[in-house]
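Please read the structure below before turning to the comments.
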Amino acid sequence: MKNSILYILLLAIAWSACNKGADDRVFPEPADERLNSKMADYQSLLTAAPNGWKMTVIPADTSQPYIFYLWMKFSAQNRVTSNMDTLPAQESSYRLKAMMQPELIFDTYSYLHRLSDATPSPGISGAVRGKGLMADFEYEIRYVSPDSIVLYGKYNKSYARLIKAAPGDSAGFTRNLFRQNNYLSGAYTSSGNRKLYTGALKDSILGSTANLSGIKQIMPVYPGTYAVDYADLGGSGWKYLITFDPVTKAITSVKPDNIFAGGILAGSFQVLRVSYDDAKKQLYLKTIYVNTAGSGRITEETLTKN
């Protein structure tokens with residue numbers, strides 16, 4: 001019995017030694033060295049961009065329909081210069097930290113702090129006392145390529161992305177993009193109706209009408225595209241996705257989002273009429289779809305910016 005136990009212990013020791021050797025062959029450097037090397041690579045990437053970085057920040061507070069844009073230039077001395085909108089250039093500090101996930105931390109007060117400040121400074125549109133806009137200044141590094149870094153907020157779970165800037169992308173870049181890509185953002189008064197037909201529309205049997213009224217938020221989901229609740233079904237997650245050209249001041253397309261599209265007959269959604277009046281800050285939408293039971297629905301809605 002003692003010989004059997006001794007034999008098993010010797011096998012376990014031999015197996016452990018073999019696997020240690022295998023690990024050493026796969027990773028010739030200790031874990032700490034590998035991690036430090038990776039963080040050094042990240043720092044080199046940040047500081048090597050000759051024109052800095054364009055940063056897009058989407059705060060976690062989705063009731064505030066804005067995307068923010070910053071320009072940043074990182075130095076090897078852990079300093080970063082930032083521009084946002086029409087505000088002057090600002091210098092602060094940053095550091096890279098190896099945690100469960102590599103992190104980029106802006107560790108002295110900056111424009112990112114203003115977007116997450118619970119006692120917000122004047123001039124930050126929509127910031128709410130007690131929570132700010134729920135942006136972040138400590139980010140986990142989720143994805144890295146030679147010209148792009150995807151960041152995820154550690155505390156408020158906001159989203160951010162850094163893209164290598166081109167010459168001239170600085171204060172003008174942040175100001176123009178904020179204006180262009182938030183052009184429709186804001187609160188709107190809604191009025192209109194949704195006509196509910198029984199059976200196919202060609203039979204023209206009107207079952208009932210749902211009147212539309214109230215306040216809705218038009219929110220950017222990514223540059224150039226906005227989301228707004230569809231008719232009276234926003235509580236079910238149904239939304240229009242509106243693509244808007246800020247140069248021509250025109251709506252170029254209206255589509256259902258994935259939840260909306262998944263709740264109707266595939267391919268049945270159509271836009272009957274859409275318009276935008278820039279002087280009145282008013283959108284008009286008339287659409288049609290067929291539900292999964294084969295009944296038609298026509299919606300007319302006017303949205304006027306408050």
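Side notes on the structure shown:
- Stretching the chain fully between Asp278 and Asn258 yields a gain of 4.4 nm (0.36 nm per residue, less the alpha carbon separation).
- Rough spin-label spacing in nm, given labels placed 7 Å along Cα→Cβ, for Ser44 and Met100: 3.0
- Extension gain, Ser93 to Ala210: 0.36 nm times the residue separation minus the Cα-Cα distance gives 36.7 nm.
- Between Val150 and Tyr109, the contour length at 0.36 nm per residue exceeds the Cα-Cα span by 12.6 nm.
- Using a probe radius of 1.4 angstrom, the carbon and sulfur fraction of the accessible surface of segment 63-117 is 52%.
- Largest accessible area first, the listed residues Lys38, Lys281 line up as Lys38, Lys281 when surface is computed with a 1.4 Å probe on the assembled protein chains.
- Long-range amide H partners of Gly52 with built H, under 5 Å: Ala165
- Across Lys97/Lys239; Lys164/Lys239; Lys164/Lys286; Lys195/Lys280; Lys195/Lys281, pairs whose alpha-carbon gap is larger than 30 Å: Lys97/Lys239; Lys164/Lys239; Lys164/Lys286
- Inter-label distance, nm, simple model (7 Å from Cα along the C-beta direction), Val247/Ala166: 1.2
The values are calculated or read from the model by the stated rules, or taken from the named source; none is laboratory data. On a predicted model such as this, the values are computed, not experimentally measured, just so you know. A quick note on method: Cβ atoms are made from the backbone with ideal geometry, for glycine too, and the neighbour counts reach across all protein chains shown. Heavy atoms of the whole protein, side chains included, go into the accessibility calculation; ligands, DNA and RNA do not. Shrake-Rupley method; radii C 1.70, N 1.55, O 1.52, S 1.80 Å.
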